Amino acid sequence: MKPTSLRSHEIPFALGAPSLIWQVLFLYLPMLLIVCTSVLSFSAAGKIEGFTLEKIFAFFTPTYLEVISSSLLLGLSNALLCLGIAYPLAYFMASCGKRCKNFLLFLLIIPFWTNFLLHVYAWFFVLEKEGFLNHLLQTLGILSTPIPFMNTLFATMIMMVYYYLPFMVLPIYSSLEKFDARLVEASLDLGATRAQTFRRIVFPLSMPGVRAGFFLVYIPSFGEFAIPELMGGDKQVFVGSDILGDDTGSLGAAFAVVACSILLLSCFAIHLGLHKVTHALQKS
Amino acid sequence: MQEIELKNIKKSLTEGTILSGISLQIPAGKFFALLGPSGCGKTTLLRLIAGLESVDEGTILLGGRDITNLPIHRRPINIVFQNYALFPHLNVFDNVAYSLKIKKIPKEIIEQKVIKILESFGLENHIYKPTTRLSGGQQQRVALARAIVNEPAVLLLDEPLAALDFTLRERMLIELIELQDTLKTTFIYVTHDQFEALTVADQMAIMNHQGHIEQIGTPKEIYEFPASSFVAKFVGSTNTLQGTLQKTSPDPQILVPDLGAFSLFIPEYKEWMQEGADILISIRPEKMFISKQELPNFSNRVKASVEAIVYHGRSTQYNVVLHNKLKLQVFEQNEEHFTQEDIDYDNEVFIHWQKESAVILER
């Protein structure tokens, strides 16, 4: 019948159209513009003079490559730290009762209600020289003189993990929550220990959530500039702040293209890596 | 092939006490069915044997060895789950090979064993398919293959055919019987379906709503000689008459109020069979005969009127009502064309039965 076919094909498309237009106008077109800007040369008056790869190659110098690799490292370590903390938490959340589940989800979402800068200032009070952490450590007798935590990589990492953790917990939780507990029973029944069951059944089946969470954390942390700037001071330069620091615009575009390409390649590598890890776990 | 012995098993779950002291002996190498209504605790009992739950009290012996506190993964007992619980990220081969891989058996032997068992289940064309692409019956076979590939001492089946359609279920029942026959593994089959239990079992136990075992025996014993009115009503359909026992006359009789006396056959007297005791007789619908005329050679007959006639093909079911409003069911085999005298709605008929066909039960 006609009405059914209308429903199944045309309405979903119509519903998706606004977001599609939005994406094309404000995501794909600007990206295309950035790519164009990075490979075109301009006259002093701002006129296009021709095609050039000079600007791109200008960034393959030790200084810039170091910036990019430290950004990769920042993203990777943040994603790994978040995964390490988020997985047990998500597992616990998925295995507790319905009311407890909803309460924990609520707790996880609360930070989203507060302005980002307020989070940063709250952490200032915790980490500064006369702050809560130093005070606590001194009272406990672990420290005799306060340590300046602020403006260190440590402060940056704390804030990064704090801010990105929910993005890792939620996808892992949702994949574990759908998990059929009878599969665990079947695995135990077939002679596997709890650890073997986790490696061979639970973890591989939660992989979609792990992968989603990993990229949700890894990709934005690679380009993160606010947190390293505010918490880490100017000791360490990352990709985000470097692009922001460029005032010509044209060089910034080229750097963004270089950084993004490397990020993309690293994503493929991570994807393969996660695949390998799952397989290795299943064999062990 | 080992026997299972349960001694005074007690188990409470959050919903309340499920099992309060079950003792049961399941003979080695037999197809044993555990039949009971939904929620009677039969699945819990199975999970206790498998080790998926731990007992509150009592002992579980496997071939004489106490396995009560043996963790699940070390029990030589495997279970086929109701929804099969196949691993969705593994293909048919890897699902079946799972327990062998855990045991770190050499690859070549695993391959040999798995392929052999899949061939015997007619799955040789589906070895490397994802399990999600199989039909219900094929998934069922994979679950079975996965459970028996490791040669367990006991195989537990938890309503394994509940998700299959009727014809497939009948075929799988036969396959299960044949499988048990070749493997000689002890099978424990849990179901609420009396047809399945009667079909497969060498021995069966009937559990009631309270989680007590009412009767243990062969399907024939259970069907022909139910030990209680619960068993009589739960296994097959039956007609019951309530009355009091009269032993004084040369022939023992049951005196049913408003209907009169019917003769009984009592092969051996039990203690509760006292003069005037409240009793109940159960007569299977196929052991009653319906006719417009009074037939000779029957020890009991009663007048009735026909309420409904349901034609089943190989048999016809008559629902009749007695003058005291009691309803009875009668099955007649449709043995020959047109030999049945024409019985119609509202006809006055006679229902006959032999006294040997009635089972006498305590009320």
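The values are calculated or read from the model by the stated rules, or taken from the named source; none is laboratory data. Note that the structure is a prediction, hence the values are computed from the model and not measured. For neighbour counting, all protein chains shown are included, and Cβ atoms are generated from backbone atoms with ideal geometry for every residue, glycine included. With ligands, DNA and RNA removed, areas are computed over all heavy atoms of the protein, side chains included. Shrake-Rupley method; radii C 1.70, N 1.55, O 1.52, S 1.80 Å.
Can you work out the FRET efficiency for the pair residue A:73 and residue B:312, with r the C-beta to C-beta distance and R0 = 56 Å, to the nearest 0.05?
Using R0 = 56 Å, I get an efficiency of 0.15.
If you wrap a convex hull around the Cα atoms of chain B, how much volume per residue is inside, in Å³? Write down the numbers at each step before the final one.
Working: hull volume 64.3 nm³, N = 363.
It is 177 Å³ per residue.
Loop by DSSP (not H, G, I, E, B), at most 14 other beta-carbon atoms within 10 Å: where is the longest site-free stretch of chain B for GluC sites (Glu not before Pro)?
Result for the longest clean stretch: B:125-267.
Within chain A, what whole-number % of the accessible surface is contributed by carbon and sulfur, with the 1.4 Å probe and all protein chains included in the calculation? Write out the running numbers ahead of the final one.
On the way: 12020 of 16670 Å².
C and S atoms contribute 72 percent here.
Taking trypsin sites (Lys or Arg not before Pro) that fall in a DSSP loop and have at most 14 other Cβ atoms within 10 Å as cut points, what is the longest piece of chain A between them?
Longest site-free region, per DSSP loop and neighbour criteria: A:48-128.
Select from segment A:181-196 all residues whose loss of accessible area on going from the chain by itself to the full protein assembly reaches 20 Å² or more (probe 1.4 Å).
SASA drop of 20 Å² or more in segment A:181-196: A:182, A:183, A:185, A:186, A:188, A:189, A:190, A:191, A:192, A:193, A:196.
Calculate how steeply helix B:136-148 sits against the longest principal axis of the alpha-carbon atoms of chain B, using the helix alpha-carbon long axis, and give the answer as 0 to 90 degrees to the nearest 10.
Tilt relative to chain B: about 70 degrees.
Is the shape of segment A:105-149 best called rounded, prolate or oblate, per the rule: a/c under 1.5 gives rounded, else a/b larger than b/c gives prolate, else oblate, with a ≥ b ≥ c the square roots of the Cα gyration tensor eigenvalues? Spell out each step's value before the answer.
Working: a/c = 5.07, a/b = 2.19, b/c = 2.32.
Because a/c hits 1.5 or more and a/b fails to exceed b/c, segment A:105-149 counts as oblate.
For residue A:181 and residue A:49, compute 0.36 nm times the residue count separating them, minus their Cα-Cα distance, and round to one decimal in nm.
Gain in length upon complete extension: 41.1 nm.
Rounded, prolate or oblate for segment A:62-283? Axes are the square roots of the Cα gyration tensor eigenvalues, ordered a ≥ b ≥ c, and the cut-off for rounded is a/c under 1.5.
Oblate shape, in that a/c is at least 1.5 and b/c is the bigger or equal ratio.
With the solvent-accessible surface defined on protein heavy atoms using a 1.4 Å probe, which residues belonging to segment B:69-102 display a reduction of at least 40 Å² in accessible area in the multichain context relative to the isolated chain?
Buried by 40 Å² or more upon assembly, which counts only protein chains, are B:72, B:73, B:81, B:83, B:87, B:89, B:98, B:102.
Rolling a 1.4 Å sphere over the protein heavy atoms, what is the accessible area per residue of chain A, to the nearest Å²?
Working: 16670 Å² over 284 residues.
Normalised by residue count, the accessible surface of chain A is 59 Å².
State the antiparallel share, in %, of DSSP beta bridges confined to chain B, rounding to the nearest 5.
Beta bridges within chain B, antiparallel portion: roughly 75 percent.
How large is the charge dipole for segment B:192-261, taken about the Cα centre, if only the Cβ atoms of Lys, Arg (+1) and Asp, Glu (-1) carry charge, to the nearest 20 debye?
Values: 3 positive and 8 negative charges, 41 e Å.
I would put it at about 200 debye.
Going by Cα centres, segment B:1-75 and segment A:211-277 are how many Å apart?
Spelled out, the Cα-based centre of one part sits 58 Å from the other.
What helices in chain A pass both tests, a Cα length along the helix axis of 27 Å or more and a mean Kyte hydropathy of -1.0 or higher, using whole DSSP H runs?
On the way: long enough: A:62-95 (48 Å, 1.24); A:153-177 (34 Å, 1.34); A:203-223 (30 Å, 1.05); A:250-283 (50 Å, 1.32).
Answer set is A:62-95, A:153-177, A:203-223, A:250-283.
About its Cα centre, how strong a charge dipole does segment A:21-141 have in debye, to the nearest 20, once Lys and Arg get +1 and Asp and Glu get -1 at the Cβ?
On the way: 6 positive and 5 negative charges, 115 e Å.
Taking the Cα centre of segment A:21-141 as origin, the dipole is about 560 debye.
At 1.4 Å probe size, put B:158, B:344, B:251 in order of accessible surface, largest to smallest. If you can, show how the numbers build up before the last one.
On the way: B:158 15, B:344 85, B:251 60 Å².
Ranked list, largest accessible area first: B:344, B:251, B:158.
Given a 1.4 angstrom probe, what's the average accessible area per residue across segment B:251-307, in square angstrom?
Here the residues of segment B:251-307 average 52 Å² of exposed surface.
At a 1.4 Å probe radius, which order do A:33, A:76 fall into by accessible area, largest first?
A:33, A:76
What accessible area, in Å² to the nearest ten, does a 1.4 Å probe give for residue B:167?
Surface open to solvent at residue B:167 totals about 100 Å².
Give, rounded to the nearest 20 debye, the magnitude of the charge dipole that segment A:62-283 has about its Cα centre when Lys and Arg contribute +1 at Cβ and Asp and Glu contribute -1 at Cβ.
Numbers: 13 positive and 13 negative charges, 240 e Å.
My answer is approximately 1160 debye.
In segment A:200-236, what residues drop by 20 Å² or more of accessible area when the other protein chains are put back, versus the chain on its own? Use 1.4 Å, and skip ligands and nucleic acids.
Correct list: A:200, A:201, A:205.
Given a 1.4 angstrom probe, I'd like the percentage of the accessible area of segment B:1-101 that is carbon and sulfur, rounded to a whole number.
Looking at segment B:1-101 in its full context, I get 43 percent from C and S.
Count the DSSP beta bridges whose two residues both fall in the protein assembly as shown, then state the antiparallel fraction as a percent rounded to the nearest 5.
80 percent
List the trypsin sites (Lys or Arg not before Pro) within segment B:273-352 that fall in a DSSP loop (any state other than H, G, I, E or B) and whose Cβ has at most 16 other Cβ atoms within 10 Å.
Here the trypsin sites (Lys or Arg not before Pro) that fit, given the DSSP loop and packing criteria, are B:292, B:314, B:325.
Nearest 100 Å², what total accessible surface is buried between chain A and chain B (probe 1.4 Å)?
Numbers: alone 17620 and 18280 Å², together 34000 Å².
The buried area between A and B, both sides summed, comes to about 1900 Å².
Using a 1.4 angstrom probe on the protein heavy atoms only, line up A:271, B:209 by accessible area, largest first.
The residues order as B:209, A:271, largest area first.
Given the whole protein assembly as supplied and a 1.4 Å probe, what does the accessible area of residue B:56 come to in Å², nearest 10?
Surface open to solvent at residue B:56 totals about 90 Å².
Using a 1.4 Å probe and ignoring any ligands, DNA or RNA, find the accessible area of residue A:219 and quote it in Å² to the nearest 10.
Result for residue A:219: roughly 70 Å² accessible.
Which of A:138, A:23, A:236 moves most in a GNM of chain A, Cα contacts under 10 Å?
Among A:138, A:23, A:236, the largest mean-square fluctuation in the Gaussian network model of chain A belongs to A:23.
So how much slack lies between residue B:181 and residue B:325, counting 0.36 nm per residue of separation and subtracting their Cα-Cα distance, in nm?
47.0 nm
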